[in-house]
2 protein chains.
Amino acid sequence: MIEQVFSEAVTKPKGNQAQLKITILGGGSFGTAMANMAARNGCDTTLWIRSADVATEITQTRINKKYLPDFELDSALKISASLEESVLGCDLILVAIPSHSFRAILQQIKPFMTAQAVISLTKGIEPNSFCFMSEIIQQELPQVPYGVVSGPNLAKEIVAGMPTGTVVASHSDLVRHAVQTSLHSAVFRVFASDDIYGVELGGALKNIYAIAMGMAAAYKIGENTRSMILTRALAEMSRFAVKLGANPLTFLGLSGVGDLFATCNSALSRNYQIGFALGKGQSLDEAIKALGQTAEGINTVIQVRKRALELDVYMPITNALYEVIFEQAPALNMALSLMKNGHRSDVEFVLPHQHNLLSK
Amino acid sequence: MIEQVFSEAVTKPKGNQAQLKITILGGGSFGTAMANMAARNGCDTTLWIRSADVATEITQTRINKKYLPDFELDSALKISASLEESVLGCDLILVAIPSHSFRAILQQIKPFMTAQAVISLTKGIEPNSFCFMSEIIQQELPQVPYGVVSGPNLAKEIVAGMPTGTVVASHSDLVRHAVQTSLHSAVFRVFASDDIYGVELGGALKNIYAIAMGMAAAYKIGENTRSMILTRALAEMSRFAVKLGANPLTFLGLSGVGDLFATCNSALSRNYQIGFALGKGQSLDEAIKALGQTAEGINTVIQVRKRALELDVYMPITNALYEVIFEQAPALNMALSLMKNGHRSDVEFVLPHQHNLLSK
């Protein structure tokens, strides 16, 4: 219903935007949705897809059968399987490539880089290195202006015209401006931030707490407990992020509590379902077998716990999850981790624990 | 299930707390739940109830038939209908009286005040005056140490033993300490803050956004839109709160996003249902008639909009709701209010709007 009402605004005459030249790397659901948004907005837009066969198929059918099978792509959107052709001479490169291949794709486009800006659309942490996507960009393409986009953004809802908000974070006014101009529409609003790590951490850490929420749901918890898990999750996410130089206030926004809220409410997500199975007393192996696949959050728990130990950050939910998943602790330990540890502050950036008479 | 596991901890030997003398004014569901918690914790606890008949009945039956009919109260909890007897000589007075009668009860206990501290358990704003409960305490009982308690705390879930977190806010270490000591248990955790207005504003404003969420639900929105409403609600709540001297970081905690999350997820709340009916195109009169009663949030919209105009705070959701409810604007304006106004910051306390190249 809401799509119809917004439709006039969405199909506004093209060409009223500066004719930015945009390339999106990666034809998954989110990359495809963003490419379509930029094309609709009148940008000269190319979607790069690794497989030449798939690129040809999408060019002919205007359908990304694998990732957005029910949606017809804008006729102006170009599809290419040539990295050189896609990247050379464009203004903005939006990278929607999984975290484990993110570095490799930047290495491949390096020869074609002149004055393009590079924007990560990828949520997550590079396996083993614990690098954020913004760090990989800085390492592989130093001197290139860069930014990141993150938020509660299910691609299927975006292409269905559901009102959606996201965040672009960059230290560069011009990069933020260009991303807002190319992606902003009547149903897709792009908010700005300059806290790159803060914005990235929201999208990277949230899967941990989707597992925790699923695990708690196995105990038939109510709204009081769900709300407490959400806020204690925010407490440890922001504590961790501040240690890495982020601003805790970023977690009040779309990439923080916005994405956490969407993820924790999604009973169909793999992370939530793995958590639920663990809460019912299954082992990780049993849970993965029943689900048919693993969940991203499991790897995030391992990586974040390791990094938190190194940085000496107190993360009771992440620790309790680790113990339940890998050290045969009972699932109830997750709940107990929320309730123990005496009298603490609600938000430690408001009232530091050491100023609280009873903190331990 | 979780209740059983926690039950041993809950029924721990009494008397291990300092024998604080606690009085709770008001026998609604939350006041009764907190009185029972304090009594279980070994505090010398009295619950004051206005009606002598009801006080006698509860003393005999150990059941608060009207508000918590399925729950047997602790045998140590005293019930009294005498204000003088309840208040004289106690250490802490917890006030769980509706906002419109809050001032009157403080005036009644004034003659019996010696060195007691006064803690508000009441969420809301005094009609007409726009006073918070903490302000009423300061006005009516100057010099008295005071604090407030707020959070996502459904009384029925608390007495059922569901793990619950709440916040006590006070400038006094001793007050925070006393409240934590008297109420803290294995299933009820009391976090601390010194941002009194911030903690009160969460509980007072959230009902506005429950109406907005209900209204949006009438358009079959998805998770992207729900998350955007939640974060834009936090943006305007914190913007308003900061103007009144609160800390925006408080909204990361239980009394802010915690209570908002619980309220916005509660499709059975009156605020949500009124919003849903408005979203379906009903007038306020029709919605109230269908529901059989009005909702708190309607009054909050009126009061907060007025105050926001006086303080010059940008609150697009509150304004759009006001126009839908009282000025015959179409319900869809609420959605449009989220999407318009150009390129703004995600969290303005991170990236101020005026530093954002495209802000308008």
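Here are some notes:
- Scanning segment B:196-218 for any residue that is among the hydroxyl-bearing types (S, T, Y), over 18 Å from the mean Cα position of the chain (by Cα) and at pLDDT 95 or above turns up nothing.
- Total residues in segment B:151-161, condition outside any helix (DSSP H, G or I) and surrounded by 24 or more Cβ atoms within 10 Å (Cβ to Cβ): 3
- Here B:M228 meets the list (1) farther than 30 Å from B:V95 by Cβ; (2) out of contact with any Leu (no Cβ under 9 Å at 6 or more places or on another chain); (3) among the hydrophobic types (A, V, I, L, M, F, W, C) almost entirely, failing just condition (2).
- Checked against the criterion of being over 22 Å from the mean Cα position of the chain (by Cα), in the same structural domain as A:V149 (by TED's automatic domain parsing) and modelled with pLDDT of 95 or more, the candidates A:D70, A:D74 yield just one match: A:D74.
- Which listed residue, of A:V179, A:V199, A:V148, is more than 30 Å from A:V301 (Cα to Cα) and buried (at least 24 other Cβ atoms within 10 Å of the Cβ): A:V179
- Only one of the numbered conditions (1) crowded, with 21+ Cβ neighbours inside 10 Å; (2) more than 14 Å from chain A (Cβ to nearest Cβ) is not met by B:P111, and that is (1).
- Looking only at residues of segment A:162-176 that are crowded, with 24+ Cβ neighbours inside 10 Å and of a type in the set (S, T, Y), we find that the one that is nearest to the other protein chains (Cβ to nearest Cβ) is A:T164.
- Residues in segment A:34-62 that are without any contact (Cβ under 8 Å) to a residue 60 or more places away in the chain, part of a loop (DSSP other than H, G, I, E, B) and surrounded by 22 or more Cβ atoms within 10 Å (Cβ to Cβ): 1 in all.
- Residue in segment A:140-148 that is free of Cβ contacts under 8 Å to residues at least 12 places away in the same chain, over 30 Å from B:Y219 (Cα atoms) and not in a loop (DSSP other than H, G, I, E, B) present: no
- Across segment B:315-335, the qualifying residues are those that are in a loop (DSSP other than H, G, I, E, B) and either of a type in the set (A, V, I, L, M) or outside the structural domain of B:Y209 (by TED's automatic domain parsing) (or both), and the one among them that is surrounded by the fewest Cβ atoms within 10 Å (Cβ to Cβ) is B:A329.
- Close contacts from segment B:109-122, counting a first residue that is outside the structural domain of B:H171 (by TED's automatic domain parsing) and a second that is surrounded by fewer than 16 Cβ atoms within 10 Å (Cβ to Cβ), with Cβ to Cβ under 7 Å and a gap of 6+ residues or different chains, come to none at all.
- Flag if A:S193 is under 23 Å from B:R232 (Cβ atoms) and either more than 11 Å from chain B (Cβ to nearest Cβ) or in contact (Cβ under 8 Å) with a residue 40 or more places away in the chain (or both): yes
- Single residue of segment A:202-244 satisfying the filter (within 7 Å of another protein chain (Cβ to nearest Cβ) and aliphatic (A, V, I, L, M)) that is surrounded by the most Cβ atoms within 10 Å (Cβ to Cβ): A:M228
- Inter-residue pairs, beta-carbon under 8 Å, first assigned by TED's automatic domain parsing to the domain that holds B:M315 and in segment B:206-232, second among the acidic types (D, E) and crowded, with 24+ Cβ neighbours inside 10 Å, 6+ apart: B:K206/B:D259; B:S227/A:D259; B:T231/B:D346
- All conditions but one from (1) in contact (Cβ under 8 Å) with a residue 24 or more places away in the chain; (2) within 11 Å of chain B (Cβ to nearest Cβ); (3) buried (at least 24 other Cβ atoms within 10 Å of the Cβ); (4) closer than 30 Å to A:N41 by Cβ apply to A:N247; the one that does not is (3).
- Checking A:L351, A:L309, A:L338 one by one, the residue that is surrounded by 18 or more Cβ atoms within 10 Å (Cβ to Cβ), of a type outside the set (S, T, N, Q) and assigned to a helix (DSSP H, G or I) is A:L338 and no other.
- Boolean, B:A262 is assigned to a helix (DSSP H, G or I) and in contact (Cβ under 8 Å) with a residue 60 or more places away in the chain: yes
The values are calculated or read from the model by the stated rules, or taken from the named source; none is laboratory data. What you are looking at is a predicted structure, and each value in this text was computed from that prediction instead of being measured. No Cβ is skipped: glycine too gets one built from the backbone with ideal geometry, and neighbour counts run over all protein chains shown.
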